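Laboratory data are not the source of any read-out in this text; all were calculated from the coordinates shown. As the structure is a computational prediction, the values presented were derived from the model and not from experiment. Cβ coordinates were reconstructed from backbone atoms using ideal geometry, including for glycine residues, and neighbour counts include every protein chain displayed.
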Amino acid sequence: MKIVFVETEDDEQPFFARSLAGHDVDFVDDIADVPRDAEIVSVFIHSRVGTEFFRRHPKVKLVASRSSASDHLDLKAAGRRGVVLARVPDYGAATVAEHTFALILGVTRRLRHCLDTRNRGRGATERLRGLELRGKTLGVVGTGRVGSMVLSIGRAFGMECVAFDKKPDTNLAATLGFRYVSLDKLLRSSDIVTLHVPLNPRTRHLLSAKRLARGKPGFILINTARGALVDIDALLTGLQSGQVGGVGLDVLEDDNAFRNDASRIIGDQIVQKIHAMSTPGGDPLRREKRLRELEGIMRNRQLLAHENVFFTPHVGFNSIEAIERINLGTVQNIHDFLAGRLRPEAVVAP
């Protein structure tokens, strides 16, 4: 079986090759480099898999994503081709929940300012003054694996915890000691709001300008889920007005900006897009697309430059333990698929 892995680290490749011995295993950096005869492809979240990919790869039977999320996979296109989509349903709830609090502490203890050497010395005390978490209200949007663990950590910090979920789990609320409320009430009452829902058409820009305006004045927003859950223009407006007091981000709407050093990559993207747009001739629709991409890159740059934004380059999942579980789960999914017994919870379904 021809099995191709996309976007792997060098230290991961020997494990995959060893675990799938007996198959033709190959590794490529980009999904565009996947050979036409691939039968199983394993991707990460930066690889978009849809109609065009399936057209160019007629032999693909399984796409095994090394993630729990699936918004980078086109379910309809896969269904039309009869391709099975698999994921690793639970690998890093603790890792992401812990990173959520790393961001919360980064914002509330003003670590961006503390790490700035210009703020050292006399007169910096007030600028570096942080907030206690004890007694603050934590609002958690989404009470799945990660959200429930965030609530548990919040309670350990002595925080008042509220949550919103379309399917409230009353037993969970009783066990962990939090209350379910409406999304509007959560925004009005929370000092810190953190997002833990998947990205889909219903949750895209879940926090719109109207919703951000309903928040408690000066509230802190944390996002370790997906960048497109928040309207970036509305978020910038909220930061500039002070309605949003601080932001902790591990994700952007275009996560490709985080694949290496965020500032350098965003800068390189700007140069590339401007160069492409200045080239004579070309498709007007393509030029318009490049313009929209350039506008998005500029908004990301403006957001990351704001002094009240504390960001990390999509590393919330990236712990030694979580990566080991991802890789083991991916190999298990491939073996289970070949044996005809892929676990239902590992299959991506509408």
Sort ASP29, ASP184, ASP191 so that the residue with the fewest other Cβ atoms within 10 Å of its own Cβ comes first and the one with the most comes last. ASP29, ASP184, ASP191
Name the residue, out of ALA38, ALA97, ALA69, whose mean-square fluctuation peaks in a Gaussian network model built on the chain with Cα pairs under 10 Å. ALA38
Three-way shape call for region 183-260 based on the alpha-carbon gyration tensor, with the a/c threshold at 1.5: prolate
Potential extension, LYS167-ARG55 segment - 0.36 nm per residue separation minus Cα distance: 36.5 nm
Classify region 38-187 as rounded, prolate or oblate from the Cα gyration tensor: take a ≥ b ≥ c as the square roots of its eigenvalues, call it rounded if a/c is under 1.5, otherwise prolate when a/b beats b/c and oblate if not. oblate
For ASP33 and ARG155 in the same chain, what is the full-extension length gain: residue separation times 0.36 nm, less their Cα-Cα distance, in nm? 39.2 nm
Neighbour-count ranking for LEU20, LEU151 (other C-beta within 10 angstrom, fewest to most) reads LEU20, LEU151
If LEU103, LEU133 are placed from fewest to most neighbouring beta carbons inside 10 Å, the sequence is LEU133, LEU103
Anything over 20 Å Cα to Cα? Flag those among LYS76/LYS210; LYS136/LYS185; LYS76/LYS167; LYS185/LYS216; LYS167/LYS216; LYS2/LYS61, in the order listed. LYS76/LYS210; LYS76/LYS167; LYS167/LYS216
Once the Cβ-Cβ distance between ASP24 and ARG80 is put in as r, and R0 is 22 Å, what FRET efficiency do you end up with, to the nearest 0.05? 0.25
Rounded to whole Å, give me the distance from the Cα center of region 93-168 to that of region 207-258. 15 Å
If R0 is 41 Å, what FRET efficiency do you get for ARG48 and ALA174 from their C-beta distance, rounded to 0.05? 0.50
Please compute the contact order of region 93-249 in relative form: average sequence separation of alpha-carbon pairs under 8 Å and at least six residues apart, divided by the residue count, as a percent. 22 percent
Select one label from [x] 53; [y] 30; [z] 33: the one whose number is percent of Cα pairs over 35 Å apart as derived from the coordinates shown. [y]
Which stretch or stretches of region 192-217 have amide N atoms under 19 Å from the point lying 7 Å from GLN302's Cα along the Cα→Cβ direction? 205, 207-213
